[in-house]
Amino acid sequence: PNSGDLESSHTRYSFSLPSGDTYTTEFVDRTTGATVWPVYAQLSWENKPTCASGTPITGASISLQRGTGGVSTCDNIVPNGHMDDLALGTRFWKKNYGRSELVQGAFGSANAIALKGRQGYWHLIGTSLDTSCGKQTDVAYYEVQAFVRIESKGISLECDPFADVKAVNRCPRFNLHATGYSADQEQIVELDRITSIGEALVPYNKDDFNEVHGIFKFKGTALEAAERMFLYVDSANKHDIIIDNVSVKPMTMPSCEASVELVKNGNFATNTKWWLLRNKLSMEVVEGFGGDGDYALKATNRAQSGASPTQDLHLSCINAGDRIVFEAKFKLEKDGNAYTCSKQTVLDCPGMRISITTNGELATIT
């Protein structure tokens, strides 16, 4: 079943060109004549040819002319992320092992895509993001969202997003691999690899599709120079992974009204969306301060004081001199019992902390 197609299905074009000139390569729609973009394209060079005298050919310059959009739209740079275009099928989704197929019983749409026959946590399925959009728009952050479930021999399984990535009970995670051509090295190189760019949220319901969510910074990073950004799913060791409604969208920044709330999902009404892990721990949604119908976030398996849930705050609406008020309620447990902390003991009681990075310098406010 080893039918990996991450590379074998790519179309390659080769050109033999005279030296000492500048060339532009573009992709043209034969029907309309418009310059288009095939989701992504990468330059590569073969070994330098030599003339009969043995003198290397030098001086040629080649650039790619980007079109005005690929198969996706710039509102969502995942081609066929909803899996409902039967003509496309699994065309844009590539794997390194097993078999991929469209399946019914999807989340809010007709079809989902499944990767079956996996033999390890590293057996993945993924798609290349439409890089024409990333080059043409001024996007600060992208938001990743998908819906997943796992099966073994047709039986739905529970999973833990906080388990080791190699564990059989680990939930699927999304990752991003970015590559581009290096003129200095004369080859395609890795620009960035971001693991766990999207994680399954809790609570997790094995009998339904479960949301995967995350964000990543785009503007001002190596991703801006990427010719290819490959979004892929792995973990859930050996189990079948079923995914649907995959999207990577420009993140909507908060409005700048006076009453704007900087913290997203502070009441944990649905799940753990927007909350991240700092150091190793586990999280779960439990009954909150207000009793039935109110929810709280519980952090467990904390090995150190810095192991805590965190959230990235976008401070585009905050100006120098503004005062910001943070509020939260907490309670402590130790060995399953309520615990009363002492403010006189260092690090005994919880505290709120903000870490701010400016021009590469980290400042912490406690």
Just checking: which of the strands (runs of 3 or more DSSP E) contained wholly in the stretch 281-330 hold 2 or more residues that are touching a residue at least 12 places away in the same chain (Cβ under 8 Å) and of a type in the set (A, V, I, L, M)?
282-288, 291-300
Can you go through 231, 262 and tell me which one is within 14 Å of the chain's Cα centre (by Cα) and either within 17 Å of residue 197 (Cα to Cα) or among the hydrophobic types (A, V, I, L, M, F, W, C) (or both)?
231
Select from the stretch 180-215 the residues that are closer than 16 Å to residue 264 by Cβ and in a strand (DSSP E or B) and list them in ascending order.
198, 199, 211, 213, 214, 215
Starting from residues that are in contact with a Ser or Thr (Cβ under 8 Å, 6 or more places away or on another chain) and under 19 Å from residue 238 (Cα atoms), keep the ones in the stretch 204-223 and report whichever is surrounded by the fewest Cβ atoms within 10 Å (Cβ to Cβ).
207
Within the stretch 331-347, how many residues are within 37 Å of the chain's Cα centre (by Cα), in a loop (DSSP other than H, G, I, E, B) and not acidic (Asp, Glu)?
3
When the stretch 184-203 is examined, which residues are found to be touching a residue at least 40 places away in the same chain (Cβ under 8 Å), open to solvent by 30 Å² or more (accessible area, probe 1.4 Å) and of a type outside the set (Asp, Glu)?
187, 188, 203
Per the filter on the stretch 112-122, residues more than 28 Å from residue 36 (Cα to Cα) and either open to solvent by 10 Å² or more (accessible area, probe 1.4 Å) or among the hydrophobic types (A, V, I, L, M, F, W, C) (or both) are 114, 115, 116, 117, 119, 121, 122
Based on what the data block shows, is residue 102 at pLDDT 90 or above, assigned to a strand (DSSP E or B) and surrounded by 23 or more Cβ atoms within 10 Å (Cβ to Cβ)?
no
Residue list for the stretch 55-99, filter: open to solvent by 20 Å² or more (accessible area, probe 1.4 Å), part of a strand (DSSP E or B) and at pLDDT 75 or above:
76, 94, 99
Are any residues in the stretch 144-176 within 26 Å of residue 103 (Cα to Cα), open to solvent by 40 Å² or more (accessible area, probe 1.4 Å) and acidic (Asp, Glu), and if so, which ones?
158, 160
Can you tell me which residue within the stretch 265-280, out of those that are assigned to a loop (DSSP other than H, G, I, E, B) and open to solvent by 60 Å² or more (accessible area, probe 1.4 Å), is nearest to residue 216 (Cα to Cα)?
279
Filtered residues of the stretch 225-257 (kept if open to solvent by less than 30 Å² (accessible area, probe 1.4 Å), in a strand (DSSP E or B) and farther than 30 Å from residue 155 by Cα)
228, 229
Taking residue 338 and the conditions (1) within 21 Å of residue 201 (Cβ to Cβ); (2) among the hydrophobic types (A, V, I, L, M, F, W, C); (3) free of Cβ contacts under 8 Å to residues at least 40 places away in the same chain, which numbered condition does it fall short on, given that it satisfies the others?
(1)
By residue number, the members of the stretch 136-178 that are more than 29 Å from residue 104 (Cβ to Cβ) and part of a strand (DSSP E or B) are 141, 142, 177, 178
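Within the stretch 127-143, can you find the residues that are open to solvent by 30 Å² or more (accessible area, probe 1.4 Å) and of a type outside the set (Val, Ile, Thr)?
Answer for the stretch 127-143, where residues must be open to solvent by 30 Å² or more (accessible area, probe 1.4 Å) and of a type outside the set (Val, Ile, Thr): 135, 136, 138, 140, 141, 143.
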Pairs needed: first member in the stretch 154-165, hydroxyl-bearing (Ser, Thr, Tyr); second member anywhere, surrounded by 15 or more Cβ atoms within 10 Å (Cβ to Cβ) and outside any loop (DSSP other than H, G, I, E, B); C-beta distance under 9 Å; at least 6 residues apart or different chains.
156/149; 156/150
Output yes when any residue across the stretch 339-353 is open to solvent by 90 Å² or more (accessible area, probe 1.4 Å) and at pLDDT 90 or above, and no when none is.
yes
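The values are calculated or read from the model by the stated rules, or taken from the named source; none is laboratory data. None of these values were measured; they are calculated from a predicted model. Virtual Cβ from ideal backbone geometry, glycine too; neighbours counted across all protein chains shown. Ligands, DNA and RNA are excluded from the accessible area calculation, which covers all protein heavy atoms including side chains. Shrake-Rupley method; radii C 1.70, N 1.55, O 1.52, S 1.80 Å.
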